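The values are calculated or read from the model by the stated rules, or taken from the named source; none is laboratory data. In this text the structure is predicted, and so the values were computed from the model without any measurement. In this analysis, Cβ positions are derived from the backbone assuming ideal geometry, glycine residues included, and neighbour counts consider all displayed protein chains.
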Amino acid sequence: MSAILEGKNLTKSFGGLTAVREVDFHLEEGEIVGLIGPNGAGKTTLFNLISGVFPSDTGTLRFNSREIRGLRPFEICRLGIARTFQIVRPFLKMNCLENVLVGIAGREERETRKKEDQRDEARELLKFIGLPGEENRLAQNLTLIQKKRLEMARALATRPRVILLDEVLAGLNPSEMHQALELIEVIRSERKITIFWIEHVMGAIMKGSDRIIVLDQGKMIREGKPEEVVSDPRVIEAYLGEANA
């Protein structure tokens, strides 16, 4: 099976700091792949390279067999890669329905469907991610978990084949984390979307991922099944500072 998303020899430096160093990765269609590593490991920078926020200095980046390195973020989004952000970024002065409509409008240069059809789709997405009846509520008045769900709805509105989730569990209580894990699995199973997922809640990402990639100081140090990764001395050392901790 060929990878739906694949990066080879990706490197990105900012001045004298190399944030991502010669990273190779791939996602198979339908996978949930976790991306972990200590703070400053290069995880969000890798997501920024994939989504076109920054161009990589070297390497190749292919989505659905097409080279996307150098494309602008909206071009990559329209091809089928959406993302959320570590710090949620809804349009605070817009209501929930309007936020999702932004995603619908952004997936094509010209959206030709009737406005009510677009609104019906946005309502369906709000219901799907757990915000039924909240369409007229301003985003600034939502709780943290509701803002995270709204951001996921806006990303789903672009009809992605791959979605990049950046710390969607951060700041949530255990019950909310459980709900978010269930939603991630439903997005994969019902929407047939491949998921690449950064998370620091180790128990959750180990439970919710098919495969784990580990970065440390910009380099990939391990890739494999969750049970293989969690027992690797290099991973333990990267997180705790000593291999026998």
Practice problem: Quick one: residue 171 ticks every box in (1) buried (at least 17 other Cβ atoms within 10 Å of the Cβ); (2) in contact (Cβ under 8 Å) with a residue 24 or more places away in the chain except a single one, so which number is it? | Solution: (1)
Quiz item: Of all residues in region 92-116, which are assigned to a loop (DSSP other than H, G, I, E, B), under 15 Å from residue 157 (Cα atoms) and in contact (Cβ under 8 Å) with a residue 40 or more places away in the chain?
Solution: 107
Quiz item: Which members of region 117-138 meet the condition of being of a type in the set (Lys, Arg) and part of a helix (DSSP H, G or I)?
Solution: 119, 123, 127
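Yes/no matrix, rows are residues, columns are (1) more than 20 Å from the chain's Cα centre (by Cα); (2) buried (at least 19 other Cβ atoms within 10 Å of the Cβ); (3) touching a residue at least 12 places away in the same chain (Cβ under 8 Å):
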{"position": "160", "(1), (2), (3)": "no, yes, yes"}
{"position": "167", "(1), (2), (3)": "no, yes, yes"}
{"position": "185", "(1), (2), (3)": "no, no, yes"}
{"position": "188", "(1), (2), (3)": "no, no, yes"}
{"position": "220", "(1), (2), (3)": "no, yes, yes"}
{"position": "233", "(1), (2), (3)": "yes, no, no"}
Exercise. Pick out the one residue from 69, 62, 89 that is in a loop (DSSP other than H, G, I, E, B) and within 30 Å of residue 224 (Cβ to Cβ).
Key: 69
Quiz item: Filter region 1-30 for residues that are within 17 Å of residue 81 (Cβ to Cβ) and part of a loop (DSSP other than H, G, I, E, B); which is farthest from the chain's Cα centre (by Cα)?
Solution: 2
Quiz prompt | Criterion violated by residue 33 - all others in (1) part of a strand (DSSP E or B); (2) under 14 Å from the mean Cα position of the chain (by Cα); (3) more than 22 Å from residue 169 (Cα to Cα) satisfied | solution = (3)
Quiz prompt | Restricting region 217-237 to residues that are hydrophobic (A, V, I, L, M, F, W, C) and under 14 Å from residue 33 (Cβ atoms), the residue that is modelled with the highest pLDDT | solution = 220
Practice problem: Being closer than 20 Å to residue 214 by Cβ and either of a type in the set (Gly, Ala, Ser) or in a strand (DSSP E or B) (or both) is the filter here, so list the residues in region 177-199 that pass it. | Solution: 194, 195, 196, 197, 198
Quiz item: In region 190-218, which residues are farther than 30 Å from residue 14 by Cβ and surrounded by fewer than 19 Cβ atoms within 10 Å (Cβ to Cβ)?
Solution: 190, 191, 192, 203, 206, 207, 210
Practice problem: Looking only at region 1-29, count how many residues are modelled with pLDDT under 95, touching a strand residue (DSSP E or B) at 6+ places or on another chain (Cβ under 6 Å) and either surrounded by 14 or more Cβ atoms within 10 Å (Cβ to Cβ) or over 23 Å from residue 228 (Cα atoms) (or both). | Solution: 1
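Yes or no, residue by residue, for (1) in contact with a strand residue (DSSP E or B) (Cβ under 6 Å, 6 or more places away or on another chain); (2) buried (at least 22 other Cβ atoms within 10 Å of the Cβ); (3) not β-branched (Val, Ile, Thr):
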| position | (1), (2), (3) |
| --- | --- |
| 41 | yes, yes, yes |
| 52 | no, no, yes |
| 57 | yes, no, yes |
| 62 | yes, no, yes |
| 65 | no, no, yes |
| 71 | no, no, yes |
| 80 | no, no, yes |
| 83 | yes, yes, yes |
| 87 | no, no, no |
